Protein chains: 2
Amino acid sequence: MLPVPRSVTWGAGEFELDAATGLSVGEGLDGVAHWLRGELGPALGCWLSPAGTGRTIALALDPGLPPSGYLLVVTRDGITLLGGDPAGVFHGAQTLRQLLPPASYRRAPVADGPCRVPAVTVRDAPRYRWRGCMLDVARHFMPRADVLRFIDLLAAHKLNVLHLHLTDDQGWRFPVERYPLLTEVGGWRAESMVGSRQHARTDGRPHGGHYTADDIREIVAYAAARFVTVVPEIDLPGHTQAAVAAYPWLAPGHGPVGVRTGWGLSPVGIDLTEETLAFCRDVLDEVCALFPGEYIGIGGDECPPGQPLADRRRFVRALVEHLAGHGRRAYAWDEILEGGAPRGVIVAAWRGPGVTRAAAGAGHDVVACPDLSTYLDYRQSEHPDEPVPVGTVLTVDDVYAFDPAALAPDHPERILGAQCNVWTEHMPGTRAVDYMVFPRLCALAEVVWSAGGRADFRDRLAEHLPRLAAMGVEYRPESGPLPWQRRPDAPGWPRARADRESELDALTRGI
Amino acid sequence: MLPVPRSVTWGAGEFELDAATGLSVGEGLDGVAHWLRGELGPALGCWLSPAGTGRTIALALDPGLPPSGYLLVVTRDGITLLGGDPAGVFHGAQTLRQLLPPASYRRAPVADGPCRVPAVTVRDAPRYRWRGCMLDVARHFMPRADVLRFIDLLAAHKLNVLHLHLTDDQGWRFPVERYPLLTEVGGWRAESMVGSRQHARTDGRPHGGHYTADDIREIVAYAAARFVTVVPEIDLPGHTQAAVAAYPWLAPGHGPVGVRTGWGLSPVGIDLTEETLAFCRDVLDEVCALFPGEYIGIGGDECPPGQPLADRRRFVRALVEHLAGHGRRAYAWDEILEGGAPRGVIVAAWRGPGVTRAAAGAGHDVVACPDLSTYLDYRQSEHPDEPVPVGTVLTVDDVYAFDPAALAPDHPERILGAQCNVWTEHMPGTRAVDYMVFPRLCALAEVVWSAGGRADFRDRLAEHLPRLAAMGVEYRPESGPLPWQRRPDAPGWPRARADRESELDALTRGI
C-alpha cells in the first residue's frame, strides 16, 4: 500500500468481490458510495447495488476515529469501512482499492471472474492536513479533462489540495467577467521557448487556452467529490505580464506588451496604484465567487525590480485584507515574508529551511515546498537524456527523504503540511507532466500522509507502478526515459546543488 | 437534437429530473443503466437508484422496434425509453441527454436544482449500420485516456464504429507478444515533420508510444459498453516501414531502416514472401485474440512501387483467408479492388464515386469514406490561418452535403454506411484532433444516422455546440481558428478540388 497506513494486520482468507456484492451506505456517505460505485463498477463489473444479494461492503462514520482517518476491516464474510468523517471513508476506500488488482484502476474490465481482497485490518490517519500539489496551468494550459484526471491521480495518493497556479506572465487562464480581455488577450502567447531560457530557442507556435466559469465550477465540484480542495492562485502583483498585455493601463510605463513568450522572470508587472489595487480586488471577488475554499493564493513572489518594498508590502497587505473581508485566508509564496508578512497569511515556503523557520517563528502557518525537495520540474537524474534537465537533481529517493517537520523543529504545530510544485515551462502536455510527476509524487504522498524513512518504500513503489500503468500514467521508468520521452530538441540548464544553495542563501538573507 | 431523430412530437409540460428520480431497468439493460447512472449522476446529482422515491425513468426492450431503434416518451409523470435492442435503448438515452441542459455532459455538477425535460415523443432508428470514424493513432500516438474520451464523443453522436489505424510507416502501436520489437523499436520515431512533407521541416523531437494488451482490452470493453465496435487495422503489406525497422528480415533488400520520420508514402515495405506472410498471420492471430469484433482491417493500400500486382493480390488473399479461418471478415482500403478483390472483403471506398460503384457492383459491402467528403485532416476553409492546411477545402456544410447512397445508386444494399477518417500527421495531440474533428463529425453523424439535407441543421448545430463545450471539446469556431489554434510554424499544402479530382481519376482508372 502506498502511502503506507499506520497499522496493517493481515488476517486469514479472502473476501470475494463480485457482481452480487452489495454496498451498505451509512448516513452522510452517499457521495463516497457514488464515487466507489463509479470507480469499481466499470473496472470490475462490481456495481455494488444497495440491495446486493451477496456479501456486503459497509460504509459508516465512527466519530471515535480521527478526522480523515479510517478503520478498514476485511474478512471472508464482509468488508467494514469506518471513517472519522466522509473524507476518512474516502481515503479508506482508496486503500481498499489498493488491495484489489491494479485492473481496478481501469475504466472497463480487462478480465473476467471475481476479485479477491485479502483479509486485513487497517487503521490509518494522515500525518498532515495539507497534502498538496501545485499545478502550473499558466506556462502550459492544461485542458479540463486532463485536470480532472490529475485530480483523480492526487486523490488516489490521498493528497487533498490542488493548488492551481492560474495566471502568470506567460498566460492568464482564469475567467474574469469584468475584464474579459484577461483571457481573450492574456490567455495565449505568440510562441513558446523550447528548452530553458538560456538557449533562447523558440517554436513559432502559438499556445493558449483558458477555463470558463462553468469549467472552474466543474473542476471544484469534481475535486470536492474526491475530498480535494482546489486552492486557486492569482499571482499578484508580480508575474502579471499577461494581464498587462490585456489591459496596458495596468502598467502604462511599459508601453504595449504582449503576453510573455520567454521563460524566466518578466520585467513587466502591474503598477502598484489605487487603480491597479481596485482591479486586483475585482479579480479576487470573482475568484472568491467561484472557489468556495478557505484559502486563496495571491502569489506575492518575484516582483519586477524597481518596485519599492514598502509599496509592495502595502499592496499585498490590502489584498490580504480584502480576502479577509470575504472570510478567506491568503496563501502566498515566502517572498511575502520580506519586511514582515501580514498576520494570518499562510506561507508556501519554497526557498529552503531558513524561510520555513522564519515563517513558522513569525507565527505563520506554513506549507513546506522547498525547491530542492519538491520541485518536480527539476531533473530526475544526472543523465543528459533527462527531458529538459533543469534545476538540481531530485530523485524519487530525494523526495522520499524530505521531512517537512525537520524544517522548523521549534514550531512543528505551524507546519500545515507540504506540497510538490509542478512548474510546466518544459511540460507542454499531460504526457510530459506524467513523466515529471510520477513516481516522485508517490514519494511525496507517503511523506505527507505517513512519513518517509520506511525501509520497504521501494518494494511498495514497485508494487504501485502497475497501478499507475493501469491508470494510464506514463511515469518515468527507474532506468530513465523511454526513447520517446527524451527531448534532444529542448536543451536544459542543469544546476549543481551547492550552486543553487548559495543562490537561495543570497535570496533569503534578508528574511 | 443532433443527429435529428426520425420523428419528434412535442407534448405539454415537463418532467422534472432530480435526486429522487428512480430508474426501472428491464431485462438485458443493466449495462445501459450503469452507463446512464455513471453519466447523469456525477453531472446532475441524479443517481437514478432502482428504488427512487420520485417519478421514474423506465428502460425496456420492445422487440417490435427496429434494431438500434428506440421510442422515447417523456411526460410530466415519467419517462419511458424502449429499444429494439440494448443499443437502441443506449441511443435513446443519448437523445434523452440532449433534452437536458448541456451541463449534463459535464463530470461534476455546475448548478443546483432540478433539471427539466420537455414532454416529447421521439421515434428513431438509424439509416446505416456502419456509422464510423477512423482514428489514426500511428502518425501520432493517442494515449489511452484520450482514446476513451474519443469513444465517448463518438457515442454521444450515435456513431458505432471506431476504426483504429494502429500501424503505419511512422509508428506501430499494437502489442504483439511474439514480436515485441514491433512496439519496442517500431513504436517510436526519432523526430517528426512539422507541416506538410513538401517543406521538409522537422522538429528533432522523438515521438512514440504504444498500447499494452490490457490497454486494448480496456479500449474494446469501454467501447462495447457504449455500443461502439472497435475495428482494428494493421496496415499490410504496405505502410510497414515501422515493422521493417523492428525486424529488418521482413525486407532484407532495404538494409537497416528506422521508423519513418517523414510523412507521405514510404518506399520501404515488407517483402511478399512465405516468411513475411507467416509473420503477418502471426500478427493477425494476436489481433483476433484481442479484438472480438467481426471485422479486421488489413489495409491493402498504397504498396511501395515495384511490387508486382499479382504478388500483392496473392498475399492479400492469403490474409483474407487467414482471417476467414478465424471467422472474421477483412476490411480493406479500395486499392484491394485492383485486379479484383477476394470475395467477402469489405471495402473502405476512399477514392471517390468510381471505386464505390465498382466495389458495390462487384458484390462487396462498402463503407463510403470519399476523401473529398470525409477526410477530416483536410482544411476547413480557404483561410490561410487554418492550422496546417492540406487537402481540399472541406467545410461542415460540405460534410453535411455528403450522401453515401448517391455514390452507388444501383446497389444501395451494398452500402453498409460511411465513416470519416482522421489522419493525424498534423494533429500532434487531442487539442488538435478536437479542432479538426468537430463540428464536422457532427455533420457526418447526421448523414449516417438520419440523412443530410435538413434545412434546420445549422440551427441544431448551434444548439449542439454548447454540448461539445460542456464535454470539453475544443471545436473549430465558425469564424475560424482561435489565435492559439493557428499553426504558423507548420506550413501546409492546400490542394484545389479539380486538381485532386483529376489525380483521383488517374489513380483509380484501372478499377
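What follows is calculated from the coordinates using simple rules that are stated; it is not laboratory data. These numbers were taken from a predicted model, which means no experiment stands behind them. Heads up, the Cβs are rebuilt from the backbone with ideal geometry, glycines too, and the neighbour counts pull from every protein chain shown.
Annotations
- Rounded to 5, percent antiparallel among DSSP beta bridges of the protein assembly as shown: 35 percent
- Separation of segment A:284-356 and segment A:9-52, taken as the distance between their Cα centroids, equals 43 angstrom.
- Oblate is the label for segment B:396-467. Its Cα gyration tensor axes, ordered a ≥ b ≥ c, give a/c of at least 1.5 and b/c at or above a/b.
- Dipole in debye (nearest 20) - segment B:130-508, about Cα centre, beta carbon charges: Lys, Arg +1; Asp, Glu -1: 300 debye
- On Cα atoms only, tilt of B:274-290 relative to the major axis of chain B in degrees: 10 degrees
- Across peptide A:469-478, the mean count of Cβ atoms from other chains lying within 10 Å of each residue's own Cβ comes to 2.
- Taking amide hydrogens as placed 1.01 Å from N in the peptide plane, the amide H of A:Met193 sits under 5 Å from those of A:Trp263, each at least 5 positions away in sequence or on another chain.
- Whole-angstrom gap from segment B:182-212 to segment A:387-463, using each part's C-alpha centre: 32 Å
- Per-residue packing, averaged as other Cβ atoms within 10 Å, sorts the ranges B:145-155, B:271-281 into the order B:145-155, B:271-281, beginning with the highest.
- Gyration tensor verdict on segment B:7-124 (Cα atoms; rounded if a/c is under 1.5, prolate if a/b is larger than b/c, oblate otherwise): prolate
- Legend: mean number of C-beta atoms from other chains within 10 angstrom of residue C-beta atoms, peptide A:395-401, equals 0.
- Label-point spacing at B:Glu413 relative to the other copies reads 8.7 nm, in ascending order, each point sitting 7 Å out from Cα along Cα→Cβ.
- When the Cα atoms of the protein assembly as shown are aligned to their principal axes, the ranges along those axes come out at 86, 63, 58 Å in descending order.
- Label 7 Å beyond Cα on the Cβ vector: A:Trp249 copy-to-copy distances, nm: 7.6
- Cα centroid separation, segment A:64-133 to segment B:119-158 (Å): 35 Å
- DSSP-defined antiparallel bridges as percent of all bridges, chain B, nearest 5: 35 percent
- Segment A:288-387, Cα convex hull volume normalised per residue, Å³: 137 Å³
- Peptides A:409-416, A:191-198 ordered by average Cβ neighbours within 10 Å, highest first: A:191-198, A:409-416
- Segment A:130-508: C-alpha gyration tensor shape, a/c 1.5 cut-off, then a/b vs b/c: rounded
- Label points for A:Gly306 are taken 7 Å from Cα along Cα→Cβ. From this copy to the others they lie 6.5 nm apart, shortest first.
- The helix-based estimate of mean residue ellipticity at 222 nm for chain B, built from -39,500 (n - 2.57) per DSSP H run of four or more residues and divided by its residue count, is -9500 deg cm²/dmol to the nearest 500.
- From most to least packed by mean Cβ count within 10 Å, the peptides B:383-393, A:156-166, A:331-341 give A:156-166, A:331-341, B:383-393.
- Peptide A:483-491 is shielded by partner chain Cβ atoms: per residue, an average of 5 of them sit within 10 Å of its Cβ.
- Contact order for segment B:256-383, expressed relative to its length and based on alpha carbon pairs under 8 Å spaced 6+ residues apart, stands at 18 percent.
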